[in-house]
Every structure is written in C-alpha cells, then in structure tokens.
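Q: First the structure, which I've put down as structure tokens, then a few questions once you've had a look.
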Amino acid sequence: MKKNRYEITNNLALQIMIAQQISRCRFTLKLTQTNVTQRLGLNDSYLSRWENQLATMPLNRLIEIALLFGVRLEDLVTEGQICPKLTGYKNSGREKAVILSGIGDRISEQRKKQGLELNHLALVTGLSETSVAKWGSSNIYPFPTCTQAYNLSRLFKIDIDHLLPILDYR
C-alpha cells in the first residue's frame, strides 16, 4: 500500500526517514560525519546520534543540513531519490533565529487559509492550544520540532519547505 504523501507520521518514523536520507546524501557526496559536523559547527557525535536515531534533530539543524546538501527540506523528510550537491554553506552562529523567524506567520497564514481551528493544530503537534496560538506572533516559543513542522505541513497538504521562509538555496 502506497503511503499518502501528506500522511501524518510519528516521531520515530520521521527520525528513521531523516537519518536514512542524510546518510544517503553524505554517501553520495563522499562526506564523513566529521566533514558535515565541521561545516555545521557541531560536535562530531551529534550527526552520529541523529543518524542512529539516538537523538531527535532540531528543526534548525535539519534546515542547515538541507542548505549544506543543496536539497529541499522536503527531500530529507520523504522517501525517494535525492540528488545532493555540496554547497558552500557554513554555520555562522546566527542561523536558528534567521531560519526559524517567520515560521509562526506561515503556520498562522496556512491555518486561516484552510479554515482550521487551533485545536486541529494542537492535536497534530501534541501541544496545547495556548502554545499553538503563540505561533501567530513573530516571537514563537517553543519552536516547532521537526516532527511537529512535518505534521503541520501534512495537515496543510504542502511541502514542509513552504512553512519556512528561507531564501532559495538550491
């Protein structure tokens, strides 16, 4: 049975998919985990823990990996062939604020566009309606996790990239 492209998923299934796609990209680009972590300014063990599903990858780090590999974020969270190309991306230390700023506005915009109530978003993300309501402001906290952003994109029936106000990085 073929999986619906916009099917909501659980954290473990998404972690496995992300780990497999990152590993495939690294293999294709002939990069070691150390090569990747050095470019992202991370400790060597981080990528190993993510690829072995021992830790959940923060959304901002997944975005940075997509930027580094020159792929769409959607490519890393869905099954399929990826054609990565190494970019000159390097973490400058300010990425989290820049990358995740505006996601709340995009979530709020999609919710209103599709006529969804806050309780729909709360059910999909596992957060309270109060927490989800904060995503309508420019200062959203907590930031959505990878799984929450993925599941929101599925609820809205859009690619996850459309939730993130990122410049074209392909």
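Q: Can you report the number of residues in the range 1-45 which are over 21 Å from residue 78 (Cα atoms), modelled with pLDDT under 85 and hydroxyl-bearing (Ser, Thr, Tyr)?
A: Number of matching residues: 0.
Q: Residues of the range 27-45 being in contact (Cβ under 8 Å) with a residue 12 or more places away in the chain and either not assigned by TED's automatic domain parsing to the domain that holds residue 85 or not aliphatic (A, V, I, L, M) (or both), which ones?
A: Of everything in the range 27-45, those that are in contact (Cβ under 8 Å) with a residue 12 or more places away in the chain and either not assigned by TED's automatic domain parsing to the domain that holds residue 85 or not aliphatic (A, V, I, L, M) (or both) turn out to be 28, 33, 39, 41.
Q: In addition: Is there a residue in the range 143-163 that is modelled with pLDDT under 80, over 26 Å from residue 34 (Cα atoms) and of a type in the set (Phe, Trp, Tyr)?
A: Yes, some residue in the range 143-163 is modelled with pLDDT under 80, over 26 Å from residue 34 (Cα atoms) and of a type in the set (Phe, Trp, Tyr).
Q: Looking only at residues that are touching an Asp or Glu at 6+ places or on another chain (Cβ under 7 Å) and under 26 Å from residue 158 (Cβ atoms) in the range 24-65, which one is surrounded by the fewest Cβ atoms within 10 Å (Cβ to Cβ)? Reasoning before the result, please.
A: Here is the first cut: in the range 24-65, the ones touching an Asp or Glu at 6+ places or on another chain (Cβ under 7 Å) are 33-34, 37, 40, 60, 64.
Okay, now just the ones that are also under 26 Å from residue 158 (Cβ atoms), so 60, 64.
On the way: 60: 18, 64: 23.
The extreme case among them is 60.
Q: Considering only the range 118-132, I want to know if a residue exists there that is at pLDDT 85 or above and crowded, with 21+ Cβ neighbours inside 10 Å.
A: yes
Q: What do you reckon, is residue 68 crowded, with 20+ Cβ neighbours inside 10 Å, within 20 Å of residue 17 (Cα to Cα), in contact with a Phe, Trp or Tyr (Cβ under 6 Å, 6 or more places away or on another chain) and modelled with pLDDT of 85 or more?
A: So residue 68 passes the test.
The values are calculated or read from the model by the stated rules, or taken from the named source; none is laboratory data. Worth saying up front: this structure is predicted, and the values here are computed from it rather than measured. Note that each Cβ is placed from the backbone with ideal geometry, even for glycine, and that neighbours are counted across all protein chains shown.
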